[in-house]
Amino acid sequence: PTYPPSDLELAPPLSFFLWSSIPDDELLKVAAENRLREPAVLERQIRRMLADPKSERFVDNFAGQWLYLRNLTNHQPNSMMFPDFDDNLRLAFRREAELFFASIVREDRNVLDLMTADYTFVDERLARHYGIPNVYGSQFRRVTLTDDARKGLLGKGAILMVTSQATRTSPVVRGKWILDNILNAPPPPPPPNVPPLPEPDGSGKVSTMRERMEAHRRNPVCANCHRLFDPIGLAMENFDAVGRWRTRDGGSLG
């Protein structure tokens, strides 16, 4: 049989989850008085801990792992194809995602706002990348979004970049990321010897990613899995590999 943890057993994991550190005196005092599991007391302690600067560790660790923000450091878009990308934009991507995630948590917003919230946080560099006017300086500030495509996590440059390749978008990676991280419905692992996406045929025509994916799905070995995540990933094809909005892919309509 399983048993619920005692108050003193609950305090350490709660503290390590929110603070990545040991419980403070107040949390231990409440636990020692056997009051921590009382719903009102537990909520009060959680709100107090989230208001403490130490909760930045929760944002850094939890969001860094869940949203793949840690992968931004080593992700390097091709400089020939994306010459405007630089480390300032990389840092801005991460800070935007962290501030957005923290706002959902600290403002006790509906979890669905992660996907639909009509605001974000930008500095001048990021605002220029997104095409948001009248933002100047290096300080991040909260702005209301008028573009529906930018709302929520799926409009964030950090998510769009870490789910892309260095030279192109990847509907497969984007679709699988949403299935894994948002819907908790991971697809089965790929079979061995999966053939790569078809490359340009030398005719001079540059195929769109959608056209290349359609050709890839003609292989029955690939089709079963791709029908799960391709539609999701392809729905995000208007964002390029560094999160810019586009209306064309490879010279053709996307």
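With a simple spin-label model that places each label point 7 Å from the Cα along the Cα-to-Cβ direction, the separation between Trp66 and Glu33 comes to 3.1 nm. Sorted on the mean count of surrounding Cβ atoms within 10 Å across their residues, most packed first, peptides 91-99, 129-137 read 91-99, 129-137. Rolling a 1.4 Å probe over the protein heavy atoms leaves Asp87 with an accessible area of roughly 90 Å².
What accessible area per residue comes out for the stretch 75-117, rounded to a whole number of Å², with a 1.4 Å probe?
With the other protein chains kept in place, the stretch 75-117 gives 54 Å² per residue.
Per atom type, the stretch 33-187 shows carbon and sulfur on 51% of its accessible surface, probed at 1.4 Å.
Ellipsoid semi-axes for the stretch 31-189, based on the Cα gyration tensor and the rule √(5λ), read 31, 20, 15 Å when sorted largest first. For the stretch 66-71, putting each phi into the Karplus relation 6.51 cos²θ - 1.76 cosθ + 1.60 with θ = phi - 60° gives couplings of 5, 8, 6, 5, 5, 6 Hz, in residue order, rounded to whole numbers and with x for Gly and Pro.
Determine the dipole magnitude for the stretch 63-183: charges of +1 sit on the beta-carbon of Lys and Arg, -1 on that of Asp and Glu, nothing else is charged, the reference point is the Cα centre, and the result goes in debye to the nearest 20.
200 debye
From most to least packed by mean Cβ count within 10 Å, the peptides 40-46, 166-172 give 166-172, 40-46. Excluding same-chain neighbours fewer than eight residues apart, the aspartates and glutamates reachable from Lys54 by a Cα-Cα span under 15 Å are Asp24, Asp25, Glu26, Glu98.
The values are calculated or read from the model by the stated rules, or taken from the named source; none is laboratory data. If you're wondering where the values come from, they're calculated on a predicted model, not measured in any experiment. Cβ coordinates were reconstructed from backbone atoms using ideal geometry, including for glycine residues, and neighbour counts include every protein chain displayed. Remember, those area values only see protein heavy atoms, side chains included, never the ligands or the DNA or RNA. Shrake-Rupley method; radii C 1.70, N 1.55, O 1.52, S 1.80 Å.
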